[in-house]
Amino acid sequence: MAERVVEISLRIRMINDFDTTAQQCMANMHLVLRWEAPSTETMPTEEILEWEPMWKPRFRIKHLLELVHEQQMFSIVGKNVIEADYFLLCRVRQPLSLRMFPFDAQQLTFEIELLRDCNVVRFQAPEGIPAADVLKEKVFLSDFSLDEKVSHNYRLYFTSKGKSRRKRSYSGLILWVYLQRNPSFYMWNVAFIMFLIISSSLFAFAVNPIQIADRQAVDFSVILTAIAFKTVLSSMLPPVPYWTRLDIYLVACFLYLFSMVAAHSSLVYFFLTRAEMNDFLANGDATDGVYRLYKMDEYACMVAAGVWVAFNLCFALYFSYLHRWCRILVRRQAVLNLEERIGARHILREWSTIDSLVRRDKTVSDMESPGSAVDSGISAIDASLIPVGIAT
């Protein structure tokens, strides 16, 4: 059987309902396939709305959870060329890496793969138009936005026969969409609220340091409030076997709160015995130890407040760094995907822009290592590779 070539063009017309907890999203796809009609095909002599060819390529959407709606349309274009339009509304699973949450940048993956061996049928990119793209104005995501530098990238591929149980190779198309999470919601509604809750523990210094029970009442009220708040936050993320960056901040807040409880409970015992405490509470007799306790309590209040402010400033700087670094990471992945698609073997280490690809020409073979510094940018790449490979 002769190999059949199918031209493929995939457009993501809409992306919405992205659920971080369930790790899935809804996508509206428009898939266009073109192939030359086989000699056994019966071509319609007039326009028939419900006509369907005898042979058509069979494919699957990988990681498909639910096909909500499907519409097929077949037509004849040119001479003996069949064009199939598939309008697909589907829910697709999107495995996420949430270690950097809520500053993470995610790579959504949409993959179409043929169900026959590539020796029988394979995909081919159409001429003049990209094999895959995304309508940027139709990406409706509450937490995310398309990356400013790189919105999407794609690659046609063949699977490895060695990894197939049937020892077959399949042709497919993979489209990556690069998103950057907007952390503002989580910073104001999670981190800032937790900051206010933990800051309220400093008001315990307004209570007489000898009245330990009253100070502990303030501390444990704050602890119960923080625990209830953390329980609500747990429903915002899937159960992952690692800590996100927001988890690290929240755990650090609990450690600070525990240190406050320990200080309020033990400070008085460095200056007064239990008998002196009872005597002061009963008769109001102040000793030198009481005055030294009050003075040290003032210092402890200033130190606790200073440590808390410095702690949050450090985390604010760290979060700002993460926000920028995650954007660089997603662009690095975009460059690696494009490098793999065009066959280039070397890229620069300047990841902050897409200008880091090295031209695929004879000079590539002269390089010795992937880290070679080459004074070349995006202008040095074949101009025909850029519009269909990566969108800015």
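Quick note: the coordinates plus some simple rules give every number you see, no bench work behind them. Fair warning: this is a prediction, and the values are worked out from it, not measured in the lab. Neighbour counts are summed over all protein chains in view; Cβ atoms, including those assigned to glycine, are modelled from backbone coordinates with ideal geometry.
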Counting other C-beta atoms within 10 Å, which of Leu96, Leu196 has the fewest, and how do the rest follow? Leu196, Leu96
In nm, the gap between the two label points placed 7 Å beyond Cα toward Cβ at Glu70 and Thr40 is 2.2 nm
Mind checking segment 107-212 for chymotrypsin sites (Phe, Trp or Tyr not before Pro) that DSSP puts in a loop (not H, G, I, E or B) and that have at most 13 other Cβ atoms within 10 Å? Phe140
Determine, from the Cβ-Cβ distance of Trp55 and Ala262 and an R0 of 45 Å, the FRET efficiency 1/(1 + (r/R0)^6), rounded to the nearest 0.05. 0.05
Through the Karplus equation 6.51 cos²θ - 1.76 cosθ + 1.60, θ set to phi - 60°, convert the phi angles of segment 307-322 into ³J(HN,Hα) values in whole Hz; use x for Gly and Pro. 5, 5, 5, 5, 4, 6, 5, 4, 5, 5, 5, 5, 5, 5, 5, 4
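Only loop residues by DSSP count here, and only those with at most 11 other Cβ atoms within 10 Å; note down the GluC sites (Glu not before Pro) in segment 12-84 that meet that. Please report the intermediate quantities before stating the final value.
Numbers: sites: Glu36, Glu41, Glu46, Glu47, Glu50, Glu66, Glu70, Glu83; in loops: Glu41, Glu46, Glu47, Glu50.
Answer by residue number: Glu46, Glu47, Glu50.
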Given a Förster distance of 30 angstrom, what is the FRET efficiency for Ala217 paired with Phe185, based on the Cβ-Cβ distance and rounded to 0.05? 0.35
Sequence-distant residues sharing a close amide H with Tyr170 (under 5 Å, placed H): Cys118, Thr159
How large is the dipole of segment 4-182 about the Cα centre if only Lys and Arg carry +1 and Asp and Glu carry -1, each at its Cβ, rounded to the nearest 20 debye? 1120 debye
For segment 138-152, in residue order, the Karplus 3J(HN,Hα) values (coefficients 6.51, -1.76, 1.60; θ = phi - 60°; whole Hz; Gly and Pro = x) are 10, 9, 10, 10, 6, 8, 10, 9, 5, 4, 5, 8, 9, 9, 7
Order of His69, His30 under a 10 Å beta carbon neighbour criterion, fewest first: His69, His30
List every residue whose amide H lies under 5 Å from the amide H of Ala37, counting only residues 5 or more places away in sequence or on a different chain, with H placed 1.01 Å from N in the peptide plane. Val81, Ile82
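Multiply the residue separation of Tyr294 and Leu202 by 0.36 nm, subtract the distance between their alpha-carbon atoms, and state the gained length in nm to one decimal.
Extra length available between Tyr294 and Leu202 comes to 31.6 nm.
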Stretch Asn16-Thr273 to full length: gain in nm at 0.36 nm per residue minus the Cα-Cα span? 86.0 nm
Give the order of Glu7, Glu148 when sorted by the count of other beta carbons within 10 angstrom, beginning with the fewest. Glu148, Glu7
Check Gln124: other-chain or 5+ apart residues with amide H under 5 Å from its amide H, H built from backbone geometry? Val6, Glu7, Ile8
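For segment 1-106, which trypsin sites (Lys or Arg not before Pro) are both in a DSSP coil and crowded by at most 16 other Cβ atoms within 10 Å?
Loop-located and lightly packed - Arg58, Lys62, Lys79, Arg99.
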Estimated vicinal HN-Hα couplings, Hz - segment 196-212 in sequence order (Karplus 6.51, -1.76, 1.60; Gly, Pro = x): 5, 5, 5, 4, 5, 5, 5, 5, 5, 5, 6, 8, 3, x, 6, 7, 4
Extension gain from Thr159 to Arg93, taking 0.36 nm per residue of separation minus the Cα-Cα distance: 21.7 nm
